[in-house]
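Below you'll find the structure, written out as structure tokens, and then a few comments.
The values are calculated or read from the model by the stated rules, or taken from the named source; none is laboratory data. Computed from a predicted model, the values in this text were never measured in an experiment. Ideal geometry is used to build each Cβ from the backbone, glycine not excepted, and the neighbour counts take in all protein chains shown. What goes into the accessible areas is simple: the full protein's heavy atoms, side chains included, and nothing from ligands, DNA or RNA. Shrake-Rupley method; radii C 1.70, N 1.55, O 1.52, S 1.80 Å.
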Amino acid sequence: QAIAAGKLPMAGKHVLITSGPTHEPIDPVRYIANRSSGKQGHALAEAAFAAGARVTLVSGPVTIPDPDHVTTIHVESAAEMMAAVEQNLPADIAIMAAAVADWRVVSEGDQKIKKDGSGKPPGLELTENPDILRTIGHHKTLRPSLLIGFAAETQDLIKNAAAKLERKRADWIVANDVSPATGIMGGDANTIRLVSANGVEDWPAMDKKDVARQLIARAAEMLSRDKS
Ligand code: CTP
Ligand code: CA
């Protein structure tokens, strides 16, 4: 929809978004993954485009369609997501909505691992994945002016979110309680708490698309304030 006699609020801005889970291969037929539908990240990409931005979406494997008018880069693993994000900087705003797997298998088998008949499972040696949000938060030259992360928690929501805000040098953390009883994981609704240096704001439960529109409106306001 057009805004009367004015520019769209994000005209001329580049918004870079991660969405979905990552898959970390174990062997040719198995992987480690996080639960994530990609609904919130993809809705953010759509909302940023509707606000006039040029949008790059780096998405892990999801079953929902690519948003229209958005450059979507498909990746599987955290390492691929990290590389795609770095290749698509600079951005005015970056929103890291992906549920990145924290660990990957040290050496991916090139053949399917077989049961050896002993009844004992194989040991998997894991190593930590790169932290994409933290890496760009600490970027010397290419840190976006507004950097937004998520914190999906099942306990100590605000304490954990505030720690992530600081550790990753994000401007905002969108915190949500993803305990199974909330139905947020995979569902259409989200109840968020916005954590920033200014404190914690509780948002009412709403559709993920409305969360996206309101976050994008807030981000546009923030950027215009920076300029003045
Ligand atoms: N994130 C990321 N790269 C990672 C892990 C997380 O970019 N390797 C981002 C997520 O996209 C999210 C934020 O960091 O925006 C918080 O993710 P979360 O999994 O909650 O934080 P972790 O630092 O991984 O801490 P933990 O899982 O132990 O709570
Ligand atoms: Ca994590």
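At-a-glance table
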item: Length added when fully stretched, Arg218-Thr182, from 0.36 nm per residue minus Cα-Cα; result: 10.4 nm
item: Nearest-10 value in Å² for the accessible area of Arg169, using the 1.4 Å probe; result: 120
item: Protein-only accessible surface order, largest first, of Ile93, Ile32 at 1.4 Å; result: Ile32, Ile93
item: Under 23 Å from Lys120, Cα to Cα: lysines that are on another chain or at least 8 residues apart; result: Lys112
item: Solvent accessible area, Å² - Ile113, 1.4 Å probe, full protein context; result: 60
item: Heavy atoms of Lys13: accessible area, 1.4 Å probe, square angstrom to 10; result: 50
item: Surface accessible to a 1.4 Å probe, per residue, for the residues of region 176-227, Å²; result: 56
item: Residue among Ser59, Ser118, Ser107 with the largest mean-square fluctuation in a Gaussian network model of the chain, springs linking Cα atoms under 10 Å; result: Ser118
item: All Cα pairs of region 112-228, percent lying beyond 25 Å; result: 38
item: Accessible-area composition of the chain, carbon plus sulfur, in percent [1.4 Å probe]; result: 50
item: Taking only Cα atoms of region 119-180, radius of gyration then Dmax in Å; result: 15.4, 54
item: Of Thr182, Ala78, His139, farthest towards positive along the dipole that unit charges on Lys, Arg, Asp, Glu beta carbons give the chain; result: His139
item: Fluctuation leader among Leu142, Leu165, Leu89 - the chain, Gaussian network, Cα springs under 10 angstrom; result: Leu142
item: Pairs beyond 24 Å (Cα-Cα), from Lys164/Lys208; Lys159/Lys209; Lys13/Lys39; Lys140/Lys164; Lys7/Lys168; Lys39/Lys114; result: Lys159/Lys209; Lys7/Lys168; Lys39/Lys114
item: Solvent exposure ordering (accessible area, 1.4 Å, most first) of Ser196, Ser145; result: Ser145, Ser196
item: Relative contact order computed over the chain (Cα-Cα under 8 Å; 6+ residues apart), in percent; result: 20
item: Percentage of interatomic Cα-Cα distances in the chain larger than 28 Å; result: 31
item: Only Lys, Arg (+1) and Asp, Glu (-1) charged, at Cβ; the chain dipole about Cα centre in debye; result: 340
